[in-house]
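Everything on this sheet refers to the single structure shown next.
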Amino acid sequence: MSSRIIAILNMMMISAVIAVGLQICTGYAGQINLGQAAFMGVGAYTASILASKTGLTFLLTIPLAGLSAALFGFLFGLTAARIKGFYLALTTIAAQFLFHFAVLNLPSTWLGGSNGITVPPAELFGLRFVSESSQFYLNFAVTAIMVAGAFGIVRSRFGRAFVAVRDDDVAAGIMGINVAATKANAFLIGAFYAGVGGALWAYLIRFVGVDQFTLFHSIFFVAMIIVGGMGSIVGALIGVFIIRIIQEIIATVGPNIADSVSFLGGDIVFAGMNVVLGGVIALFMILEPKGLMHRWNILKSSYRIWPFPY
């Protein structure tokens, strides 16, 4: 495979880990989360600091990054016990601003401030994961473990509790489910996945800066699970694939268009391309709001009962 394809696959796998976590929190448990990029940032900064200042191996930094993000996410999950919908969305947006405020205003010797943190390459038994190809194997192994874990979670009693709370939290409480704890656990698990994805991102880019984890990125993660289909791990993976492919097409076509219509300026062209990407996402939400997995399930049902319509 060419280095370009490997780089795209690396980005897809990291995005997949984060989107799957968001799918558990939002798609299965029904908790609106617009702070997934902030949780990713917490994980990325944790892995960066542990790797650069303590020299810990990535076998420890990646899970610790997930745990730190999970604790951060759990704090916002506690608020979900009392609020929902629009107000919960605003609370998770606050996570974005709190994260940025902390990074930029704490002493630069702690989190690097606006200069960011340089991350050493992952290393295991003297083998350094420096190239994109070596990173591919690390990302593939971690992604496979996290996706398998996600399937296990949603098929367990925790997953069934998530769905029950999402569908009707009052009825779930009457059945004996601890609704507050279930909502908090959904945020904890979703943030853990984001933290692990952030650690992989830090080792891939080898530099962590606060502008890599914005509200804009959180919205794209939400778009991924909407396009693929809410409440489906496979749907999250499909959404990641489609959104990343569209982004790569825009990144490839954008410079050519900027060269062809130079009088418009590169900034206007690239802004327009982002508008196109947003339009594609909006089109999906209008034509297939339940995602591609919903359409796939309809096709499967139709095939099973064919030639009868019902």
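Is the range 4-24 home to any residue that is without any contact (Cβ under 8 Å) to a residue 40 or more places away in the chain, open to solvent by 30 Å² or more (accessible area, probe 1.4 Å) and not polar (S, T, N, Q)?
yes
If we keep just the residues of the range 285-310 that are hydrophobic (A, V, I, L, M, F, W, C) and at pLDDT below 80, which is surrounded by the fewest Cβ atoms within 10 Å (Cβ to Cβ)?
Only one residue tops the list, namely F308.
Identify the residue in the range 52-91 that is charged (D, E, K, R) and at pLDDT below 85 and, among all such residues, is nearest to S134 (Cα to Cα).
K84
Does V147 count as part of a helix (DSSP H, G or I) and at pLDDT 95 or above?
yes
For the range 48-85, enumerate the residues that are among the β-branched types (V, I, T) and touching a residue at least 40 places away in the same chain (Cβ under 8 Å).
I49, T57, T61, I62, listed by residue number.
Would you mind listing the helices (runs of 4 or more DSSP H) fully within the range 162-275 where at least 2 residues are modelled with pLDDT of 90 or more and either touching a His at 6+ places or on another chain (Cβ under 9 Å) or surrounded by 21 or more Cβ atoms within 10 Å (Cβ to Cβ) (or both)?
179-205, 215-228, 233-260
Here is a check on your reading of the model: is S114 open to solvent by 40 Å² or more (accessible area, probe 1.4 Å), part of a helix (DSSP H, G or I) and of a type in the set (S, T, N, Q)?
Yes.
Output the number of the condition that S131 fails; it satisfies all remaining conditions of (1) out of contact with any Gly (no Cβ under 8 Å at 6 or more places or on another chain); (2) surrounded by 14 or more Cβ atoms within 10 Å (Cβ to Cβ); (3) over 25 Å from A236 (Cβ atoms).
The number of the failed condition is (2).
Looking at the range 116-162 only, could you name the residues that are more than 20 Å from A65 (Cβ to Cβ), in contact (Cβ under 8 Å) with a residue 40 or more places away in the chain and hydroxyl-bearing (S, T, Y)?
S133
The values are calculated or read from the model by the stated rules, or taken from the named source; none is laboratory data. Bear in mind the structure is a predicted one, so any value in this text is a computation, not a measurement. Positions of Cβ are generated from backbone atoms using ideal geometry, with glycine treated the same way; all protein chains shown enter the neighbour counts. Note: areas computed on protein heavy atoms with side chains; ligands, DNA, RNA excluded. Shrake-Rupley method; radii C 1.70, N 1.55, O 1.52, S 1.80 Å.
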